[in-house]
Amino acid sequence: MKRAGTALVVAGLAVVGLVGCDSGESRSSGPTTTAKPVLWNPCTEIPDAALTEAGVDPATEEAGIGGNPMSGWEICAWDSPDFALTVYTTNKTVNEFEQKPGNVDFRDVTIAGRTGREFKVTGASKDLGCDVVFPAGQGIVQLQILNSPLKKTGLDDPCEYLERVGEVLVPIFPN
């Protein structure tokens, strides 16, 4: 599936909703005393054993979007034969995700004892993916599952599978 194309991941940008695309850098010409928060990095913090248990191949790891870093985000993706798993972190808030046009069907979920907000993204791939954002001290951690549009097999309900994957990964996420 090797980035069933990078197109799926790039389409994932719409899913992520790059809420505002703000780099988090100050636009003031004067000195600042606020340091940019260090984001939790899923590529370095999620152990290979957890990824294998979640059903993805750790060797398929890809940082960023199509291998490119995104300012204000830490992003890491892995593949399985039927789906792609991506974990994002940013300093944005759950409310910012809820306000983003195109993010729809929000509902409360609890995965591994942690409350989050599940949502979909409008468009042709709406039924191929599922996302959950969890509030964290640094902003949010987002878990995403995307089915391959190229395969006839895959996950009947990506949100149901996201919950199963989340039972393994969510306990690793920062609070």
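The values are calculated or read from the model by the stated rules, or taken from the named source; none is laboratory data. Bear in mind the structure is a predicted one, so any value in this text is a computation, not a measurement. Backbone-built Cβ (ideal geometry, glycine too); neighbour counts: all protein chains shown. Each accessible area value is taken on the protein alone, full model and side chains, heavy atoms only, with ligands, DNA and RNA left out. Shrake-Rupley method; radii C 1.70, N 1.55, O 1.52, S 1.80 Å.
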Practice item. With respect to GLU118, determine if the residue is surrounded by fewer than 20 Cβ atoms within 10 Å (Cβ to Cβ), under 24 Å from ASP82 (Cα atoms) and either of a type in the set (Val, Ile, Thr) or within 14 Å of the chain's Cα centre (by Cα) (or both). Key: yes
Review point. Where residues in segment 80-101 are more than 13 Å from the chain's Cα centre (by Cα) and outside any loop (DSSP other than H, G, I, E, B), which of them is farthest from THR44 (Cα to Cα)?
Key: GLN99
Check your understanding: Which one of the conditions (1) in a loop (DSSP other than H, G, I, E, B); (2) over 21 Å from GLU167 (Cα atoms) does ALA59 fail to meet, given that it meets all the rest?
Key -> (1)
Exercise for review: Taking GLY12 as the residue in question, decide whether it is at pLDDT below 95, over 16 Å from LEU146 (Cα atoms) and open to solvent by less than 60 Å² (accessible area, probe 1.4 Å).
Suggested key: no
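Filter segment 65-111 down to the residues that are basic (Lys, Arg) and surrounded by 16 or more Cβ atoms within 10 Å (Cβ to Cβ), then identify the one that is nearest to LEU51 (Cα to Cα). Reasoning before the result, please.
We begin by selecting, within segment 65-111, every residue basic (Lys, Arg); these are 92, 100, 107.
Cutting the leftovers down to surrounded by 16 or more Cβ atoms within 10 Å (Cβ to Cβ) gives us 92, 100.
On the way: LYS92: 25, LYS100: 29 Å.
For segment 65-111, the residue satisfying everything is LYS92.
Output yes when any residue across segment 102-113 is touching a Phe, Trp or Tyr at 6+ places or on another chain (Cβ under 7 Å) and not in a strand (DSSP E or B), and no when none is. Lay out the reasoning, then the answer.
Of the residues in segment 102-113, the ones touching a Phe, Trp or Tyr at 6+ places or on another chain (Cβ under 7 Å) are 103-106.
Filter once more, so that each one left must be not in a strand (DSSP E or B): none.
No, the conditions are met nowhere in segment 102-113.
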Review point. Is segment 149-166 home to any residue that is touching a residue at least 24 places away in the same chain (Cβ under 8 Å), part of a strand (DSSP E or B) and under 16 Å from the mean Cα position of the chain (by Cα)?
Key: no
Exercise for review: Specify the residue that is modelled with the highest pLDDT; the eligible residues are those in segment 132-158 that are open to solvent by 20 Å² or more (accessible area, probe 1.4 Å) and aliphatic (A, V, I, L, M).
Suggested key: LEU150
Review point. Just a yes or no: is a residue in segment 29-48 more than 21 Å from ILE140 (Cα to Cα), within 16 Å of the chain's Cα centre (by Cα) and at pLDDT below 95?
Key: no
